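All of the numbers you see were taken from the coordinates with simple rules; none came from a lab. In this text the structure is predicted, and so the values were computed from the model without any measurement. When we count neighbours, we look across all protein chains shown, and the Cβ atoms used for this are built from the backbone with ideal geometry, even at glycine.
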Amino acid sequence: MATGTNPRDLAVPDGEFPFTWQDFRQIAELVHSEAGIVLTEAKVNLVYSRLAKRLRTIGLRSFRDYCSLIQGTDGVDERQAMIAAMTTNVTRFFRESHHFDYLRNEVLPDLLENARRGGKVRIWSAGCSSGEEAYSIALTMLGLDPQVAQRDVLILASDIDPEMLKRGSRGIYPVSQLGDVPQELRRKWMKIAPGSGGSELEVGDEMHEMVRFRELNLLREWPMKGPFDIIFCRNVMIYFDDETQNTVWKRFAGLLRPGGTLCIGHSERIVLGNHPYDLVGQTIYRKHGAK
Ligand SMILES: C[S@@+](CC[C@H](N)C(=O)[O-])C[C@H]1O[C@@H](n2cnc3c(N)ncnc32)[C@H](O)[C@@H]1O
């Protein structure tokens, strides 16, 4: 135990590394101010187990030393690693499939017609994790118009976690995780990943062309001007406090075209009176104004 640590101050009594409530509070404050994520005391064991791995990797002996590192000027890289360790990256192709049905039936036909006539289509997958959400949108578009990659159509896929973005840009996924991708779309628009012996598929050139991955913290500056036709931000805000959520819903409205579509996660909600959206489907919102 670090010198001077009173056993009563320990947040996790039997841990390999001393971890006090003061350490926990410092980490929670930093994670909140950097990424908007709220860590209540109920998450203490999760914080301990995820960050204990970081302490082992970088060879530190206590959370007190870890807190000094992440708060110091030399701690920039480790702060990023800490945020990555604290985020949940769970995702899958065609997750919450009703959103893709809605796009296919209600939103994309007009947008793709516009693209065929030379117009732009811009879509944002905000908090894209390893890319499955953005590629599911691309596959839905390719299913409607096989020529879509040759038009002025772009899907921005952004996340705070650079490791996830690397995976997304590679676009290679185990076949075992592609069960929800319709066979026909998989056959036409994905290919066997080199050297995988068929156990992994890579997204085809069309999807590599359509989806652009960028690092972006939703709490900081957004360099894009928009407007976007569709924004997906699903299962990201659930970790944020109400005030941060409201700020982000408002900023999305500023970047969406009038009549643009916002899809959010199954356990997220937007309080309509405060924002210029109508609820048009399950967790699907349309920004006020004509399309
Ligand atoms: C659970 S995943 C959701 C992935 C996908 N949207 C879905 O619903 O399947 C949440 C993602 O949000 C990202 N994230 C968390 N805080 C963020 C922030 N402040 N800015 C940008 N991305 C953030 C995480 O890195 C993670 O990849």
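Observations on the structure shown:
- Label-to-label distance, ASP152 versus LYS191, with points set 7 angstrom from Cα along the beta-carbon direction: 2.9 nm.
- Only the Cβ atoms of Lys and Arg (+1) and of Asp and Glu (-1) were treated as charged; on that basis the dipole of the range 7-86 about its Cα centre amounts to roughly 180 debye.
- Extended-chain gain in nm, criterion 0.36 nm per residue less alpha-carbon gap, VAL38 and HIS98: 18.8 nm
- Working ranking of peptides 118-125, 201-208 by packing, defined as the average number of other Cβ atoms within 10 Å per residue, highest first, is 118-125, 201-208.
- The packing ranking, built from the mean of other Cβ atoms within 10 Å per residue, places the peptides 227-237, 157-167, 105-115 in the order 227-237, 157-167, 105-115, highest first.
- Estimated FRET transfer efficiency (LYS225, ASP14; beta-carbon r; R0 45 Å; 0.05): 0.30
- Label zone (VAL271, point 7 Å along Cα-to-C-beta; backbone nitrogen cut-off 18 Å) within the range 219-247: 237-247.
- Per-residue ³J(HN,Hα) for the range 152-159, Karplus 6.51 cos²θ - 1.76 cosθ + 1.60, θ = phi - 60°, Hz, x for Gly and Pro: 7, 10, 9, 10, 8, 10, 10, 7
- 18 Å Cα cut-off, lysine pairs counted over the chain (separation 8 or more, or different chains): 6
- With the simple spin-label model, which puts each label point 7 Å out from Cα in the Cβ direction, the ARG214 to ARG25 separation comes to 3.9 nm.
- Relative contact order of the chain, pairs being alpha-carbon contacts under 8 Å that are 6 or more residues apart, as %: 15 percent
- Where Rh is the Kirkwood radius over Cα pairs, Rg/Rh for the range 98-287: 0.96
- Residue-wise HN-Hα coupling along the range 32-44, computed from phi with Karplus coefficients 6.51, -1.76, 1.60 (Hz; x: Gly, Pro): 5, 6, 7, 10, x, 7, 9, 10, 7, 4, 5, 8, 4
- For the range 72-151 versus the range 230-291, the gap between their alpha-carbon centres in whole angstrom: 15 Å
- Distant-in-sequence amide H partners of ILE284 (H built 1.01 Å from N, under 5 Å): none
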